[in-house]
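Laboratory data are not the source of any read-out in this text; all were calculated from the coordinates shown. Not measured: the values here are computed from a predicted model. So basically every Cβ, Gly included, is an ideal-geometry build from the backbone, and we count neighbours across all protein chains shown.
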Amino acid sequence: MDAERFIAEHIRPIGVSGIRKIFDLAATMTSPIDLSIGQPDFAPPESARTAAIDAIQSGKNGYTPTPGLPALRERIRQELQEEFGWEPEVAVHCGVSGGLTLALLACLNPGDEVVFADPYFVSYTHLVRLAGGVPITVDVYPDFRLHPDRFANALTPKTKAILLNSPGNPTGVVHAAGDVEAVCALADERDLLVISDEIYNKLVYDGTSPSPVTYAPDRTLLLRGFGKSYGMTGWRMGYSAGPAAVVQEMTKLQQYTFVCAPQPFQWACVAAMDADVSPHVTDYRRKRDIVSEELDGVFEFVRPSGGFYVFPRIPSGYATATEFVSAAIRREVLIIPGSVFSAHDTHFRISYAAPDERLRAGCRILRELAR
Ligand code: PMP
């Protein structure tokens with residue numbers, strides 16, 4: 001029997017994530033220098049680990065209300081009130097991925113266009129299509145700024161939403177406030193939803209990352225996560241905040257899909273939100289400085305200001321990023337080719353969420369390959 005025929009037509013063309021392919025390759029190597037991983041190398045705060053264990057041991061293992069525990073939603077509202085003076089509707093989801101999936105399913109009619117920058121986080125194109133929408137990308141090479149003029153050119157009568165991501169994956173670039181403001185003005189003019197993926201919002205090294213919440217509070221759907229901020233990616237925790245109509249429809253869909261985020265980890269997040277992550281920010285700023293110094297003069301790159309990625313251009317002498325990445329993998333350095341995140345295969349992503357010495361050793365090999 002050929003079980004392939006059970007697979008839906010629109011699912012078949014979706015390739016396995018290029019990042020997963022590198023993970024699989026890494027599993028066959030004894031001691032690769034892994035600069036491919038998109039997660040922090042620090043543990044969740046002790047208070048959060050204790051809260052998760054206590055919740056499990058004290059029987060807090062059942063479903064929670066669909067939009068999340070009142071205590072966690074209240075704590076999130078408090079943080080948003082302090083940061084923006086904003087009072088949105090809030091719901092807790094299974095990671096930012098869970099929130100984004102529900103947002104797109106809740107908002108897109110067939111053929112609705114969602115506009116976002118290229119390079120972009122891998123899931124965006126697939127999730128927009130899965131929800132029946134059409135991804136429209138705006139090329140922001142080579143400086144990875146937002147370029148509101150290019151966004152303006154990409155809008156059509158079918159545009160429903162603009163999707164922003166700052167600090168960005170794969171670039172580590174933090175948008176300029178003026179650019180975010182200009183994109184919000186476009187959204188106002190054209191009556192669009194602004195979805196803001198701010199999963200790296202706590203990992204910012206120079207100043208702050210501007211949010212569309214500041215410029216378009218009534219039309220922004222904010223998506224934030226706990227995984228990257230508190231070193232708990234596997235706990236699958238995130239939230240949405242924004243217009244009540246949107247968040248309530250997302251919650252309705254959550255009831256029939258994810259049901260709720262895991263209860264013990266919701267309690268853990270209440271505790272995590274009081275933890276001081278500034279030592280990690282200091283640590284990752286130093287890693288950002290190490291990687292910038294190691295690449296400087298050999299690679300062309302935009303110095304990242306947030307997250308834990310840098311996205312350099314491949315050296316001359318290589319036709320594609322895939323070719324350069326293959327050469328690096330032969331030297332046991334794992335990085336990701338730009339084609340995973342982009343229509344262009346000219347850059348590669350380094351994750352600097354790695355021990356300093358491994359990071360330096362990996363960069364040394366990349367430099368050798370550039371000569
Ligand atoms: N958005 C961006 C920009 C990301 O980099 C990631 C994770 N790599 C996600 C969303 C998904 O996050 P989560 O693990 O919370 O689902």
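Here are the numbers for this structure:
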| read-out | value |
| --- | --- |
| Magnitude of the charge dipole, the chain, Cβ model with Lys/Arg +1 and Asp/Glu -1, debye to 20 | 800 debye |
| Debye intensity ratio I(q)/I(0), log10, segment 1-149, q values 0.13, 0.17 Å⁻¹ (C-alpha model) | -1.05, -1.34 |
| Unit charges at the beta carbon, dipole of segment 48-272: most positive-side option, Gly234, Ala154, Pro167 | Gly234 |
| For segment 1-57: rounded, prolate or oblate by the Cα gyration tensor [a/c cutoff 1.5] | oblate |
| Mean Cα-pair separation over length for segment 48-272, i.e. relative contact order, pairs under 8 Å, 6 or more apart, % | 31 percent |
| Within the chain, helix-based [θ] at 222 nm, where runs of 4 or more DSSP H residues each add -39,500 (n - 2.57), nearest 500 | -12000 deg cm²/dmol |
| Most fluctuating residue given options Ile162, Ile290, Ile56, as computed from a GNM of the chain linking Cα atoms under 10 Å | Ile56 |
| Proximal lysines relative to Lys287, as straight alpha-carbon distance under 19 Å, when same-chain residues fewer than 8 apart are discounted | Lys202, Lys228 |
| Distance between segment 260-275 and segment 321-371 - C-alpha centres, whole angstrom | 35 Å |
| Residues whose placed amide H lies under 5 Å from that of Asp139, excluding near-sequence neighbours | Asp118 |
| Additional length obtainable on full extension of the chain from His10 to Tyr63, 0.36 nm per residue less Cα span | 15.8 nm |
| Virtual spin-label span in nm between Glu87 and Glu357, 7 Å along Cα→Cβ | 5.5 nm |
| Spin-label zone in segment 158-175 - amide nitrogen under 14 Å from a point set 7 Å from the Cα of Arg145 along the C-beta vector | 174-175 |
| Nitroxide proxy distance, nm - points 7 Å out along Cα→Cβ at Gln248 and Thr28 | 5.3 nm |
| Ser278-Arg20 pseudo-label distance in nm [points 7 Å out on the Cα-to-Cβ vector] | 4.1 nm |
| Under-5 Å amide H pairs with Tyr309, H placed in peptide plane, nonlocal only | Gly172, Tyr352 |
| Cα gyration tensor shape for the chain, rounded if a/c is under 1.5, else prolate or oblate | rounded |
| Listed residues Gly133, Pro13, Met273: farthest to the positive end of the dipole of the chain (Cβ charges) | Pro13 |
| Low-density loop positions, trypsin sites (Lys or Arg not before Pro), segment 291-351 - DSSP coil, at most 16 other Cβ in 10 Å | Arg331 |
| Residue with peak Gaussian network fluctuation, the chain [Cα springs, cutoff 10 Å], from Phe84, Phe116, Phe265 | Phe84 |
| GNM top mover of Gly168, Gly95, Gly111 - the chain, alpha-carbon springs below 10 Å | Gly111 |
| Amide proton proximity set for Ser196, modelled H, under 5 Å, gap of 5+ | Leu164, Leu221, Leu222, Leu223 |
